Amino acid sequence: MTEPRSPFIRPDWQPSVPKGQRILITGATGGLGRALVAMLREASDCVIGAHGAGQSYEAGDGLIPIRRSFEGDADCRAVVDEFAQRAGGIDALVVLSGSILYTGHWKDIGEAEWRREQAVNLDQPFFLARAAMERMTAQGGGGRILLTGTESAIHGGSPTSFPYAVAKRGTECMVQGLAREGAPHSILVNGLRFGFIESGFHQRWHNRSQAQMEERAALVPLKRGGHVDEAAALMIWLLSGWSSFMTGQMIPLTGGDWL
């Protein structure tokens, strides 16, 4: 007679960087995305879907460039479908796409501008994650979904990034809700709550000067901004077997900011 399997026995998994996964990365042409793509290509045999709305990669061994903009649910689903069809499925989704389009004080934002901020930073990650989860569920075998937040969101944001912070705080709720739904299918959903990472984001969307960047870095207890490779390494850990008992969590990477 076979003994029942203990619920405390560790399931089969590989405690290493992802091997053979089919990983779609949206926003792969930004600073964080390029670091993640480079690190995955160096240390794994994954098939990577590198998505960018306005820029693109050259196709290469294990690299599928996808250049497509998305506005609503249908566009987001099309990005997931295109990658899954070309890669033969999807095992992981990393959503790095996002932007701060309005940089004035929140008291002056118009309705259309407010809705645009929420559409880009909250609606689109949800539509992407939902489409990916549907495919992962149908495939069987589990999956990973990584979303991104910001540390400032849990402190109310700033007067000039308040709409963005509101959307990112909503992402934290999304991570928990999706993780609960995905758990029966071994689909792990987690998020990264980034602090001041020197990825080009602040220069691109806030037009920050080098002097302003240095002033901001001085406010971090470690007296520097985070490097994109540090962020990429954390994302790879969440895609690997080492994190197979973690879901529904927002992991901060802040250098001690807001302590």
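For the stretch 113-134, the residues whose amide N sits under 19 Å from a probe point set 7 Å from the Cα of GLU71 along the beta carbon direction are 113-128. Applying 1/(1 + (r/R0)^6) with r as the Cβ-Cβ distance of GLU134 and GLU230 and R0 = 35 angstrom yields a FRET efficiency of 0.60.
When a/c is below 1.5 the answer is rounded, else prolate if a/b is larger than b/c, else oblate, so apply that to the stretch 106-259 with a ≥ b ≥ c taken from the square roots of the Cα gyration tensor eigenvalues. Verdict is oblate for the stretch 106-259.
If amide H atoms are built 1.01 Å from N in the plane of the peptide, which residues on other chains or at least 5 residues away come under 5 Å of the amide H of GLY226? So GLY226 has HN proximity to PHE196, ILE197, GLU198. Among the chymotrypsin sites (Phe, Trp or Tyr not before Pro) in the stretch 225-259, those placed in a DSSP loop whose Cβ has at most 15 other Cβ atoms within 10 Å are PHE245, TRP258. Extension gain, TRP237 to GLU58, is 61.8 nm, computed as 0.36 nm per intervening residue step minus the present C-alpha separation.
Given a cut-off of under 8 Å on Cα pairs at least six residues apart, what relative contact order in percent is computed for the chain?
Values: 478 pairs, mean separation 54.5, N = 259.
Worked out over the chain, it gives 21 percent.
At a Förster distance of 30 Å, what's the computed FRET efficiency of THR103 paired with GLU181, Cβ-Cβ distance as r, to 0.05? Once rounded, the FRET efficiency stands at 0.30. Working note: 222 nm ellipticity from helices only, DSSP H runs with n ≥ 4, each -39,500 (n - 2.57), summed and divided by the residues of the chain, gives -12000 deg cm²/dmol to the nearest 500. Counting only whole DSSP H helices of the chain, the ones at least 15 Å long by C-alpha along their axis and with mean Kyte-Doolittle hydropathy no lower than -1.0 are 31-43, 73-87, 124-139, 162-182, 228-239. Taking GluC sites (Glu not before Pro) in DSSP loop conformation with at most 14 other Cβ atoms inside 10 Å as exposed sites, the chain has its longest uninterrupted site-free stretch at 72-259.
In square nanometres, what is one fourth of the surface area of the convex hull spanned by the alpha carbons of the stretch 32-147? If you wrap the Cα atoms of the stretch 32-147 in a convex hull and average its projections, you get 8.0 nm².
Read-outs: derived from the displayed coordinates by stated rules, not from any lab. Since this is a predicted model, take the numbers as computed values, not measurements. Quick reminder, even Gly has a Cβ in these numbers, built from the backbone with ideal geometry, and neighbours come from all protein chains shown.
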